[in-house]
Amino acid sequence: MITAALTILFHGLAFAMVLYIVSVGLGITMGLMNFANLAHGAFAAAGGYVVVVATRSLGLPFWVALPAAFVVVALAGAVVERLVVRTLYGADELRQVLFSIALLFMAIAGFTAAFGPLQQQPEIPAALSGQIALGGVEFPSYRAFVIAAGVVILAALWLLIGRTRIGMRIRAAVDNRNMAEAIGVDTRMLFTLTFALGTGIAGLGGGIGADVLSITPTYGQEYLVLFLIVVAVGGLGSIFGPFLAALCIGVVDVAGKYLIPEFGAFFIYGVVIAILLAKPAGLFGVRS
Amino acid sequence: MPDTRTDSTLSLTNVRAGYGATVVLEDLSFDLADGEKLSIIGRNGVGKTTLLATIMGLTRLHAGRIGLGALDIAALRPNRRAHAGLGFVPQQREIFPSLTVEENLLVGLRPGGWTLERVYDLFPRLQQRRTNMGNQLSGGEQQMLAFGRALLTNPRVLLLDEPFEGLAPVIVEQLFQALLRLRDESRLSIIMVEQHAKLALAFAPRTMVMSRGRVAFDGASRTLIDDPARLDALCGIGGGIGVAH
């Protein structure tokens with residue numbers, strides 16, 4: 001019984017952290033820019049492929065590949081924001097959705113052409129390839145690293161958004177873009193930086209979480225609903241909301257599939273409906 | 001940015017502006033000298049708020065020039081206008097609810113004579129509530145915060161849009177005293193849009209009355225204080241203005 005509980009908790013946490021790392025940037029950009037970026041998962045997949053190429057083709061250490069995934073995807077995000085996303089701020093949601101879905105399908109086609117349709121796995125360092133014992137039960141070391149990475153990213157984002165001047169400006173612009181402009185905040189530059197940050201973190205999540213959510217060309221499409229659920233339940237523009245939402249969804253999903261596998265994903269959608277009925281703006285939403 | 005060749009701190013020349021295709025301001029011109037204080041009054045809906053929003057770049061400018069010192073700011077985005085020297089206190093205060101009082105003050109901070117300490121000296125209540133979130137303040141405290149936030153951008157021209165609207169009389173009196181201190185102790189140019197004619201005329205030596213998007217009167221406040229009938233005629237009896245008698 002205790003073994004089952006520990007197993008559910010551990011794997012649920014690992015799943016939750018991957019969901020969080022990938023989704024948190026989506027929540028920030030949607031809260032700040034009112035832009036429904038359904039292609040967000042494609043940036044996470046791109047990060048996964050950067051880590052795969054860096055570790056398998058270029059022979060770079062995993063610890064170099066991860067920051068590279070963040071930087072490469074953040075730069076790509078900045079370019080996409082400057083060239084196309086910017087033209088859709090203030091556009092109706094249908095246009096935004098059609099645009100981002102088109103971007104997602106283009107990414108899927110591009111990934112398929114470049115890497116083939118099969119799942120790709122990055123080279124994991126030896127230090128993370130073994131098992132660790134927790135409460136007398138053995139778990140994969142890599143998943144413990146994933147859990148730790150999620151907590152570190154939460155702390156880093158909390159410091160960035162909550163304790164720095166740029167974070168203060170992001171929160172101000174999420175609250176009221178016009179007023180932020182009127183006191184001198186360059187919201188266009190802020191949008192580019194935030195979009196780059198959000199996509200960069202997604203790229204990092206794709207790389208870190210390749211063991212949990214496998215990297216395939218259709219990654220962005222396959223897990224899109226999960227990312228949107230985390231953002232909707234956690235609340236737009238929040239750092240902590242998606243963390244709690246991811247914890248809830250990750251643990252409930254693993255528990256449901258472990259204990260009553262015939263119900264599939266029934267439980268996570270049940271939890272989502274219950275939370276959104278009680279709090280339509282999400283757990284910590286600045287905006288619904 | 002082209003030189004507007006003016007000695008005024010702020011100058012509007014033949015400004016025509018509004019929201020989208022709707023024109024609210026028609027061929028409006030005036031100058032504001034360095035350190036000058038100007039009150040703007042008029043009935044509801046004559047374009048007073050639109051005028052300030054237009055100066056800040058928050059409306060659509062159809063025609064005309066807006067100069068700030070030697071700069072033509074008409075094509076600049078609001079954030080560039082703020083950097084050029086405009087400070088804005090909007091009608092609804094628009095405090096950032098996700099920021100603490102102190103963060104609201106510091107978010108737009110630029111170097112200059114106004115510091116956090118000076119703002120706390122002007123509004124001691126803000127220092128007492130510095131760790132509260134912006135949405136936890138009373139209306140009066142929010143107005144103080146909106147003033148302080150604008151002052152800490154260290155503007156050359158401060159735009160105040162109906163700063164006393166919706167506040168209790170005792171709070172209005174407190175804020176008005178703070179504004180008078182600001183008027184007397186700083187070289188800041190100030191434009192105050194205000195519905196309370198009594199306060200507006202007492203605040204600035206110069207008053208502009210707007211009617212249907214145009215300037216109906218621009219002159220000494222004393223002229224209107226001494227001629228209530230003219231003030232009533234300009235602003236419209238029963239137009240919601242408390243006339244000074």
I'd like the full set of residues that are polar (S, T, N, Q) and part of a loop (DSSP other than H, G, I, E, B), limited to the range A:186-232.
A:214, A:216, A:218
Quick check on this structure: which one of A:74, A:107 is within 19 Å of residue A:223 (Cα to Cα) and either among the hydrophobic types (A, V, I, L, M, F, W, C) or surrounded by fewer than 20 Cβ atoms within 10 Å (Cβ to Cβ) (or both)?
A:107
Report, by residue number, each residue of the range B:173-204 that is closer than 20 Å to residue B:231 by Cβ and either more than 13 Å from the chain's Cα centre (by Cα) or among the small types (Gly, Ala, Ser) (or both).
B:176, B:196, B:197, B:198, B:199, B:200, B:201, B:202, B:204
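Is it fair to say residue A:114 is at pLDDT 95 or above, more than 29 Å from residue A:166 (Cα to Cα), among the hydrophobic types (A, V, I, L, M, F, W, C) and touching a helix residue (DSSP H, G or I) at 6+ places or on another chain (Cβ under 8 Å)? Can you show your working first?
Numbers: at pLDDT 95 or above: yes; more than 29 Å from residue A:166 (Cα to Cα): yes; among the hydrophobic types (A, V, I, L, M, F, W, C): yes; touching a helix residue (DSSP H, G or I) at 6+ places or on another chain (Cβ under 8 Å): yes.
In short, yes.
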Residues located in the range B:54-74, provided they are among the hydrophobic types (A, V, I, L, M, F, W, C) and under 20 Å from residue B:188 (Cβ atoms):
B:55, B:56, B:66, B:68, B:70, B:71, B:73
Considering the range A:253-271, residues that are surrounded by fewer than 20 Cβ atoms within 10 Å (Cβ to Cβ) and β-branched (Val, Ile, Thr), and then whichever is nearest to the other protein chains (Cβ to nearest Cβ), we arrive at A:271
Of all residues being at pLDDT 95 or above and of a type in the set (Lys, Arg) in the range B:1-47, which is surrounded by the most Cβ atoms within 10 Å (Cβ to Cβ)? Just the residue, please.
B:37
What residue, among those in the range B:145-171 that are at pLDDT 95 or above and in a helix (DSSP H, G or I), is surrounded by the most Cβ atoms within 10 Å (Cβ to Cβ)?
B:149
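For the structure I just gave you, tell me whether residue A:183 is at negative phi and surrounded by 24 or more Cβ atoms within 10 Å (Cβ to Cβ). Don't jump to the end; show me each part of the working.
Numbers: at negative phi: yes; surrounded by 24 or more Cβ atoms within 10 Å (Cβ to Cβ): yes.
Yes: the conditions hold for residue A:183.
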What about residue B:213, is it surrounded by 15 or more Cβ atoms within 10 Å (Cβ to Cβ), touching a residue at least 12 places away in the same chain (Cβ under 8 Å) and over 30 Å from residue B:154 (Cβ atoms)?
yes
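Matching residues to (1) surrounded by 21 or more Cβ atoms within 10 Å (Cβ to Cβ); (2) away from every other protein chain (no Cβ under 14 Å); (3) charged (D, E, K, R):
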{"residue": "B:67", "(1), (2), (3)": "yes, yes, no"}
{"residue": "B:85", "(1), (2), (3)": "yes, no, no"}
{"residue": "B:95", "(1), (2), (3)": "yes, no, no"}
{"residue": "B:105", "(1), (2), (3)": "yes, no, no"}
{"residue": "B:114", "(1), (2), (3)": "yes, no, no"}
{"residue": "B:123", "(1), (2), (3)": "yes, yes, no"}
{"residue": "B:127", "(1), (2), (3)": "no, yes, no"}
{"residue": "B:131", "(1), (2), (3)": "no, no, no"}
{"residue": "B:139", "(1), (2), (3)": "no, yes, no"}
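Take the conditions within 12 Å of another protein chain (Cβ to nearest Cβ) and under 21 Å from residue A:78 (Cα atoms) and apply them to residue A:187. Does it pass? Show your work before the answer.
Numbers: within 12 Å of another protein chain (Cβ to nearest Cβ): yes; under 21 Å from residue A:78 (Cα atoms): yes.
Considered against the rule, which asks whether it is within 12 Å of another protein chain (Cβ to nearest Cβ) and under 21 Å from residue A:78 (Cα atoms), residue A:187 comes out as yes.
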Of those in the range A:233-288 that are part of a helix (DSSP H, G or I) and among the charged types (D, E, K, R), the residue nearest to residue A:173 (Cα to Cα) is A:253
Every residue in the range A:68-113 that is hydroxyl-bearing (Ser, Thr, Tyr), within 25 Å of residue A:178 (Cβ to Cβ) and in contact (Cβ under 8 Å) with a residue 24 or more places away in the chain, please.
A:89, A:100
If you check A:169, A:143, which single one turns out to be crowded, with 17+ Cβ neighbours inside 10 Å, within 14 Å of chain B (Cβ to nearest Cβ) and either at pLDDT 95 or above or not in a loop (DSSP other than H, G, I, E, B) (or both)?
A:169
For residue A:127, indicate whether it is exposed (fewer than 13 other Cβ atoms within 10 Å of the Cβ) and either at pLDDT below 95 or assigned to a strand (DSSP E or B) (or both).
yes
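Have a look at B:204, B:178 and point out the one that is touching a Ser or Thr at 6+ places or on another chain (Cβ under 6 Å) and either of a type outside the set (Phe, Trp, Tyr) or more than 26 Å from residue B:103 (Cα to Cα) (or both). Spell out the reasoning first.
On the way: B:178 fails: touching a Ser or Thr at 6+ places or on another chain (Cβ under 6 Å).
It is B:204.
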Could you figure out which of (1) modelled with pLDDT under 90; (2) over 25 Å from residue B:28 (Cα atoms); (3) not charged (D, E, K, R) isn't true of residue B:195?
(2)
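Starting from residues that are of a type in the set (Ser, Thr, Tyr) and surrounded by fewer than 22 Cβ atoms within 10 Å (Cβ to Cβ), keep the ones in the range A:1-54 and report whichever is nearest to residue A:258 (Cα to Cα).
Of the range A:1-54, the ones of a type in the set (Ser, Thr, Tyr) are A:3, A:7, A:20, A:23, A:29, A:49.
Among the residues that remain, those that are also surrounded by fewer than 22 Cβ atoms within 10 Å (Cβ to Cβ) are: A:3, A:7.
Details: A:3: 12, A:7: 9 Å.
The extreme case among them is A:7.
Scan A:137, A:146, A:152 and give me the residue that is under 15 Å from residue A:243 (Cα atoms), touching a residue at least 60 places away in the same chain (Cβ under 8 Å) and β-branched (Val, Ile, Thr).
Values: A:137 fails: under 15 Å from residue A:243 (Cα atoms); A:152 fails: touching a residue at least 60 places away in the same chain (Cβ under 8 Å).
A:146 is the lone residue from the list that is under 15 Å from residue A:243 (Cα atoms), touching a residue at least 60 places away in the same chain (Cβ under 8 Å) and β-branched (Val, Ile, Thr).
Residue under question is residue A:46, and the condition is that it be modelled with pLDDT of 90 or more and over 25 Å from residue A:240 (Cβ atoms); does it hold? Give the derivation first.
Working: modelled with pLDDT of 90 or more: yes; over 25 Å from residue A:240 (Cβ atoms): yes.
Against the criterion (modelled with pLDDT of 90 or more and over 25 Å from residue A:240 (Cβ atoms)), residue A:46 qualifies.
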Quick one: in the range A:191-208, of everything that is among the hydrophobic types (A, V, I, L, M, F, W, C) and buried (at least 22 other Cβ atoms within 10 Å of the Cβ), which residue is nearest to the other protein chains (Cβ to nearest Cβ)?
A:191
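The values are calculated or read from the model by the stated rules, or taken from the named source; none is laboratory data. On a predicted model such as this, the values are computed, not experimentally measured, just so you know. Virtual Cβ from ideal backbone geometry, glycine too; neighbours counted across all protein chains shown.
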